[in-house]
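A short worksheet on the structure shown next.
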Amino acid sequence: MGNARSTKRLNKYSVVEGTNINAELNWNVLNAVNISSQTQAHQAISSDAYWLIIYSDSDIYFTFSCNATDTNNASNDLIWPANCLTPIRVPRGIVENPTQTIYLHMKQVSSAASKYVRIVEL
């Protein structure tokens, strides 16, 4: 069963557009996140974001959680490569209820000054 809000928004598109869920996405550019010198950083993801486009000046460890104080684990977290512009799905399944905030946690793999992560929510 679909989300009523999502279905209602899809009704304004043609059949071809309506079958492609990406037709209803927003474009929200967030402030650049400073990850310089292996700074542990996090970014709250808006509740209506389904995808993220991430661009980093440096390789980063990344993970998602529902807690702003969580930190990255170099032994277990995935690595997002530098200078890579690829979308990633927001893992909505990690929240216990829809009002919880999801956080993207980031930390440089190798320490370097003046490095940032740029994020666009879709």
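Each reported figure results from applying straightforward, stated rules to the coordinates on display, with no laboratory input. In this text, all values refer to a predicted model and were calculated from it rather than measured experimentally. Ideal geometry is used to build each Cβ from the backbone, glycine not excepted, and the neighbour counts take in all protein chains shown.
The table that follows gives values for the structure above.
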{"read-out": "Answer residue from the range 29-45, given it is surrounded by 13 or more Cβ atoms within 10 Å (Cβ to Cβ) and under 11 Å from the mean Cα position of the chain (by Cα) and is nearest to residue 79 (Cα to Cα) among those", "value": "42"}
{"read-out": "Residue that is farthest from residue 46 (Cα to Cα) [pool: residues in the range 67-122 that are among the basic types (Lys, Arg) and not in a loop (DSSP other than H, G, I, E, B)]", "value": "107"}
{"read-out": "Residue identified as in contact with a Pro (Cβ under 9 Å, 6 or more places away or on another chain) and of a type in the set (Gly, Ala, Ser) among 75, 56, 111, 65", "value": "56"}
{"read-out": "Hey, residue 49 hydrophobic (A, V, I, L, M, F, W, C) and either surrounded by 13 or more Cβ atoms within 10 Å (Cβ to Cβ) or outside any loop (DSSP other than H, G, I, E, B) (or both) or not", "value": "yes"}
{"read-out": "Residue match in the range 80-93 (condition: out of contact with any Leu (no Cβ under 8 Å at 6 or more places or on another chain), over 18 Å from residue 28 (Cβ atoms) and of a type in the set (Ser, Thr, Tyr))", "value": "no"}
{"read-out": "Selection from the range 71-86 of residues that are under 17 Å from residue 53 (Cβ atoms) and surrounded by 13 or more Cβ atoms within 10 Å (Cβ to Cβ)", "value": "80, 82"}
